[in-house]
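Here's the structure, in structure tokens; my notes come after.
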Amino acid sequence: MQSMRLMATLGVAAFASLIQPAQAQEPIRIGVMFPITGPISAQGRPERDAIKQAFEEENNIIAGRKVELLYEDSAGRPDTGLTKVKALVERNNVHLLVSELVSAVGAAVAPYVNEQKIPWVSTVALASLTREMKSPYIFRYVPSSYQYATAAAESAKKLGWKKVYLIGWNAPPGRETHEALKKAFGPENVIDAMFPNVGTSDYAPYISKMDPSKADGVFAAMWGADAPRITQQYVEYGLSKKMPLFGIASFTSEELLGDMPPESEGLLSSYTYCGTLDTPENKAFVEGYKSRYKELPGSYQYMGYMAAKMVIQAIKDVNGKVEDRQAFTNALSKVQVKGPMGMTSFDENRGMVGDFYALKVVKGPDGRLQNSCGERIPQVKDPYHLFP
Amino acid sequence: MKTTSPARMALFLAVAAALALILPYVLTPYYLGLVVKMMIFALFAMSLDLLIGFTGMASLGHAAYFGLSAYVTGLTALTLGWNVWLALPAGLMASAVAAGLFGLLALRTRGSYFLMITLALSQLMWGIAFGWRSLTGGDDGLPDVPRPRLWQGYSLTDGVSFYFFAFGLIALSGWLLYRITASPFGQCLRGIRESETRMLALGYDIWRYKFTAFVLGGLFAGLAGSLYVYYNRFVSPDYIHVARSAEVLLMVILGGAGTLIGPAVGAAIIVALENVISAYTERWVMLLGFVYVIVALFAPNGLTGLIESLRKKRAGP
């Protein structure tokens, strides 16, 4: 009798062990922190929205596990951002982070993330994230300043540029662009480099110093509201006809084109996102974003979307087991995703690698300015050999 | 002047001390970290209260001393490898010297002119921190400041020991500030707040009193800044920015200027709002704005002023 009962118990136990895997799994928690308030919110909010879009395209279920996005607001301030990341990691126990675009916040967060061993895909264009501060847990899905400036210089060289001017923000990306241009053209061929402060309203003192007889073109390394402003003034001075303006990185991003003067047709750039590129993946991205948020996505949205896409693929590769951080970061560093702009991946220091396009601002069929996608520059990598 | 009986005061202190000792063992590391942040900003707000609430000098550049001390402590710890006993006093010294120099300039003015010159001086400091890239790291600041090292081979690596370290220093500072404001010197500052000309007529050298208060305020703000570097383990120009000066000013006003405890409570409330509410709604800044409007309309003397007037009402005329 006793043994019968034992047998029955064992039987039940065996049966129970069989159905165990069907038990509901804990959702994958992903921390999504961006500047939602403050001066950078105009970029942070849409980028966060594009990340949301990428996960919605998967119906928020990846490898059979539900995905939960936890949002926080860094306000673009480093100490606020660090406290919020601590909240996501220590209070909400997120498995990974897809967060941030402000470089000062990135610099503040990086040592903490490395110490806590939390996989973090950032869109912070901070070159040091894949250099002095590199960590197996830190991924940067955005070109570094050296990367996009070197690509821009190569692109301009193909147009026959030999001598150039630079006008750039008096901030790390502006200064690092200067370094890259000096390497690419030779220090003596950068005729003059000027560094107005972020948010300068009058560029006349700088523009009037530029002499079209001395150089082939002008590079502009400034973004946000400053990009249309300098373009406007550059056009007003009549310089755009004599000496083309070449915007670095997201200078001609879609959300800024609306503020550019009609005469900015012909404005050049070279970047990893071109809004009008005719690929099925880009159409799906643009249409998906437009139907959700009623506007065209630009390069910030693209970075967020792709950072999420890389993470989604890596989660699939490890079959949803994000708890094994070693395996997950290994998978993430090997991920290859065909995105709107073609194949893209991470390099050996976990920086972004992807195709760039030579861009030119033209009038679209609806009379509005848009980027036309020129020559493809395949698989642009962070130039570690030039800037170790 | 209201008076508190010594027995009640002792009871209050005993409860506060017991609470402070229990906290690290009941809170999760994240919330304990938030408590440390509240305490640091409480000290920062109390140091400003010495100027605004007690002496009547509304400064909009108090973050200058907070930030300068933070930079000096961060830099000496990072590049020279100094331990806490060297890096922290170096920061305090720097902020006291800066407060002394700025005081020489700023104290020639009063009212809105004082507000403007303190603002200008602090933005000057911000400009230096932002522009001197080779030393300060510019916009990105100085990341990876080492943990506070007490002596060779022993650093405060965990949250609990740092909590006690910060709590000890902040409690000591709070007590010192209380003693300062309760002393004849503090009474004299109150006199200056009420009427400078009368104090002058009574034969007080008011400039000397104001100068001392100004430097003391800078010194305690500097301690808060240095602790904040060790807490965050980085420093950036954001520490000195006018937004931070305004933030601490709001903490003082929210809690009630001239009470010390009020600004400390105001600091705790703002830090809590900023970090707890923002997880639920992205409109947390708006909510913070509502709080300010409500306080300005219904409690112009801050929360402590509100409590005081309610108590008076209950006690009857």
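The values are calculated or read from the model by the stated rules, or taken from the named source; none is laboratory data. Worth saying up front: this structure is predicted, and the values here are computed from it rather than measured. Glycine also receives a Cβ, built like all others from the backbone with ideal geometry; neighbour counts cover every protein chain displayed. Each accessible area value is taken on the protein alone, full model and side chains, heavy atoms only, with ligands, DNA and RNA left out. Shrake-Rupley method; radii C 1.70, N 1.55, O 1.52, S 1.80 Å.
Restricting to helices (runs of 4 or more DSSP H) lying wholly in the range B:237-317: which have 2 or more residues that are over 20 Å from the mean Cα position of the chain (by Cα), farther than 30 Å from A:Asp49 by Cβ and modelled with pLDDT of 90 or more?
So the answer is none; nothing clears 2.
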### Message
Give me the residue from the range B:60-77 that is open to solvent by 20 Å² or more (accessible area, probe 1.4 Å) and under 16 Å from the mean Cα position of the chain (by Cα) and, out of that set, farthest from the other protein chains (Cβ to nearest Cβ).
### Response
B:Leu60
### Single condition A:Met310 does not satisfy, out of (1) under 15 Å from A:Tyr141 (Cβ atoms); (2) at pLDDT 95 or above; (3) in contact with an Asp or Glu (Cβ under 9 Å, 6 or more places away or on another chain)
(3)
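Taking the options B:Arg110, B:Arg147, name whichever one is at pLDDT below 90, among the basic types (Lys, Arg) and under 16 Å from B:Thr76 (Cα atoms).
B:Arg147
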## Note on the structure
From the option list A:Phe219, A:Phe195, single residue qualifying as under 29 Å from the mean Cα position of the chain (by Cα), within 21 Å of A:Glu176 (Cα to Cα), open to solvent by less than 70 Å² (accessible area, probe 1.4 Å) and at pLDDT 95 or above is A:Phe219
### Query
Among all residue pairs at least 6 apart or on different chains, which show Cβ distances below 6 Å where the first residue, located in the range B:129-147, is more than 10 Å from chain A (Cβ to nearest Cβ) and surrounded by 15 or more Cβ atoms within 10 Å (Cβ to Cβ) and the second is at pLDDT 85 or above and part of a loop (DSSP other than H, G, I, E, B)?
B:Ala129/B:Ile240
### Task
Look at A:Ser299 and say whether it is under 27 Å from A:Lys157 (Cβ atoms) and outside the structural domain of A:Gly364 (by TED's automatic domain parsing).
yes
### Query
Do we have any residue at all in the range A:224-235 that's part of a loop (DSSP other than H, G, I, E, B) and of a type in the set (Lys, Arg)?
no
### Query
What is the one condition in (1) farther than 14 Å from B:Phe54 by Cα; (2) assigned to a helix (DSSP H, G or I) that B:Phe211 does not satisfy?
(1)
### Query
Do we find a residue being farther than 21 Å from B:Gly256 by Cα, touching a helix residue (DSSP H, G or I) at 6+ places or on another chain (Cβ under 7 Å) and either open to solvent by 20 Å² or more (accessible area, probe 1.4 Å) or away from chain A (no Cβ under 14 Å) (or both) anywhere in the range B:52-59?
no
#### Entry: Output for the range B:126-160, where each listed residue is closer than 17 Å to B:Ala90 by Cα, assigned to a helix (DSSP H, G or I) and not polar (S, T, N, Q)
B:Leu135
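Tell me the residue from A:Lys157, A:Lys162 that is assigned to a helix (DSSP H, G or I) and either in contact with a Leu (Cβ under 9 Å, 6 or more places away or on another chain) or away from chain B (no Cβ under 13 Å) (or both), please.
On the way: A:Lys162 fails: assigned to a helix (DSSP H, G or I).
None of the other options fit; the residue is A:Lys157.
Tell me yes or no: at least one residue of the range A:323-337 is of a type outside the set (A, V, I, L, M, F, W, C), touching a Ser or Thr at 6+ places or on another chain (Cβ under 6 Å) and more than 22 Å from A:Tyr289 (Cβ to Cβ).
yes
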### Query
Is it true that some residue in the range B:19-32 is open to solvent by less than 40 Å² (accessible area, probe 1.4 Å), closer than 19 Å to B:Ala166 by Cβ, within 14 Å of chain A (Cβ to nearest Cβ) and in contact with a Lys or Arg (Cβ under 9 Å, 6 or more places away or on another chain)?
yes
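Take B:Gly168 and tell me if it is free of Cβ contacts under 8 Å to residues at least 24 places away in the same chain, open to solvent by less than 50 Å² (accessible area, probe 1.4 Å) and small (Gly, Ala, Ser). Don't jump to the end; show me each part of the working.
Values: free of Cβ contacts under 8 Å to residues at least 24 places away in the same chain: yes; open to solvent by less than 50 Å² (accessible area, probe 1.4 Å): yes; small (Gly, Ala, Ser): yes.
The answer is yes for B:Gly168.
Could you run through the range B:270-317 and say how many residues are among the β-branched types (Val, Ile, Thr) and in contact (Cβ under 8 Å) with a residue 40 or more places away in the chain?
First, the residues of the range B:270-317 that are among the β-branched types (Val, Ile, Thr): B:270-271, B:276-277, B:281, B:285, B:291, B:293-295, B:304, B:307.
From what's left, in contact (Cβ under 8 Å) with a residue 40 or more places away in the chain: B:270-271, B:295, B:304.
Residues flagged as among the β-branched types (Val, Ile, Thr) and in contact (Cβ under 8 Å) with a residue 40 or more places away in the chain within the range B:270-317 amount to 4.
Which ones in the range B:211-252 are over 21 Å from A:Ala107 (Cβ atoms) and open to solvent by 10 Å² or more (accessible area, probe 1.4 Å)?
Here is the first cut: in the range B:211-252, the ones over 21 Å from A:Ala107 (Cβ atoms) are B:211-224, B:242, B:245-252.
The answer is B:Phe211, B:Thr212, B:Val215, B:Leu216, B:Leu219, B:Phe220, B:Leu223, B:Val242, B:Ala246, B:Glu247, B:Leu249, B:Leu250.
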### Task
Look through the range A:282-315, keep the residues that are open to solvent by 10 Å² or more (accessible area, probe 1.4 Å), without any contact (Cβ under 8 Å) to a residue 60 or more places away in the chain and under 18 Å from the mean Cα position of the chain (by Cα), and return whichever of them is farthest from A:Leu257 (Cα to Cα).
A:Gln313
### Query
Within the bounds of the range B:41-51, is there any residue that is within 14 Å of another protein chain (Cβ to nearest Cβ) and in contact (Cβ under 8 Å) with a residue 60 or more places away in the chain?
yes
## Note on the structure
Sole miss for B:Arg311 among (1) open to solvent by less than 40 Å² (accessible area, probe 1.4 Å); (2) farther than 22 Å from A:Ser41 by Cβ is condition (1)
